[in-house]
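Novice: Let me begin by handing over the structure; questions about it come next.
What follows is calculated from the coordinates using simple rules that are stated; it is not laboratory data. Keep in mind that what you see is a predicted model, and the values were worked out from it rather than measured. Quick reminder, even Gly has a Cβ in these numbers, built from the backbone with ideal geometry, and neighbours come from all protein chains shown.
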Amino acid sequence: MTVLMEGNLQFDFSKALKARRFDEENSHGLSHCMKAVDFVVETVDKLLFIEVKDPQNPHSREKDKNRFIRKFQAEELDSGFVYKYRDSFLYEWLSENLPDKPIYYLLLITLDPFDPLLLSNRIQSIKQKIPAGIPEKVKNLWKKPIVYDCQVFNISTWNKYIPQFPVCRLP
């Protein structure tokens, strides 16, 4: 059973072909110049780059949680999410670790409840900045997109839409 942790969040990746922690020195090794997503997970038909932000961690301070929410609402975190994806993609592509499968970028942000409009705005903003899909301007040049899709979840929506990889908070 492949179980990976991010803080006190436990992910069950036992149904994946491969799952590994990517954002750590012995896996990535270039944190001084490249950002990294937390996990890289391979399934039969796709590759998942997963980033986790846990402002509702029981050990976090209320002012830190509120600061995260303000930054998230104001799009101040979007560029960090984009760089984490792009740098991870580039690192994997250059090391030839990328299987020829569509890549999806999944962000788990532990905010309950999520404001649907805020969530939709964040998803659209991040998709536009990566960019997701193949932009119209390069349709004749690109053979495939840098990312097929990007989605943002909280714990309950993650478990609803990605039940094959459940996440739970340990005490």
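Novice: Hey, can you rank 101-110, 26-35 by average C-beta count inside 10 Å, highest first? Before the final figure, lay out the partial values.
Specialist: Details: 101-110: 21.5, 26-35: 11.6.
In decreasing order of mean packing, 101-110, 26-35 become 101-110, 26-35.
Novice: State the extension gain, in nm to one decimal, for the chain segment bounded by residue 101 and residue 33, taking 0.36 nm per residue of separation less the distance between their alpha-carbons. If you can, show how the numbers build up before the last one.
Specialist: Working: separation 68, 0.36 × 68 = 24.48 nm, distance 2.65 nm.
Between residue 101 and residue 33, full extension yields an extra 21.8 nm.
Novice: Hey, another quick one. Based on alpha-carbon atoms only, what is the radius of gyration of the chain relative to the globular estimate 2.2 N^0.38 Å?
Specialist: 1.02
Novice: Nearest-5 percent of antiparallel DSSP beta bridges in the chain?
Specialist: 55 percent
Novice: Grab the Cα-Cα distance for residue 164 and residue 112, subtract it from 0.36 nm times how many residues apart they are, and report the gain in nm with one decimal.
Specialist: 16.6 nm
Novice: Here's something else I'd like to know. What is the gain in length, in nm to one decimal, between residue 148 and residue 1 on full extension, counting 0.36 nm per residue of separation less the C-alpha to C-alpha distance?
Specialist: 50.1 nm is the gain from fully extending residue 148 to residue 1.
Novice: Where the centroid of each part is defined by its Cα atoms, how far is region 1-17 from region 71-117 in Å?
Specialist: 18 Å
Novice: Given the DSSP H assignment, sum -39500 (n - 2.57) over each helix run of at least 4 residues in the chain and divide by its residue total; what's the result at 222 nm in deg cm²/dmol, nearest 500?
Specialist: Value at 222 nm, helices only: -9000 deg cm²/dmol.
Novice: Just name one of 105, 4, 34: the one whose Cα is farthest towards the positive end of the charge dipole of the chain (beta-carbon charges, Lys/Arg +1, Asp/Glu -1).
Specialist: After comparing all options, I get 105.
Novice: How many nm is it between the label spots at residue 65 and residue 124, if each spot is 7 Å from the Cα in line with the beta carbon?
Specialist: It is 2.9 nm.
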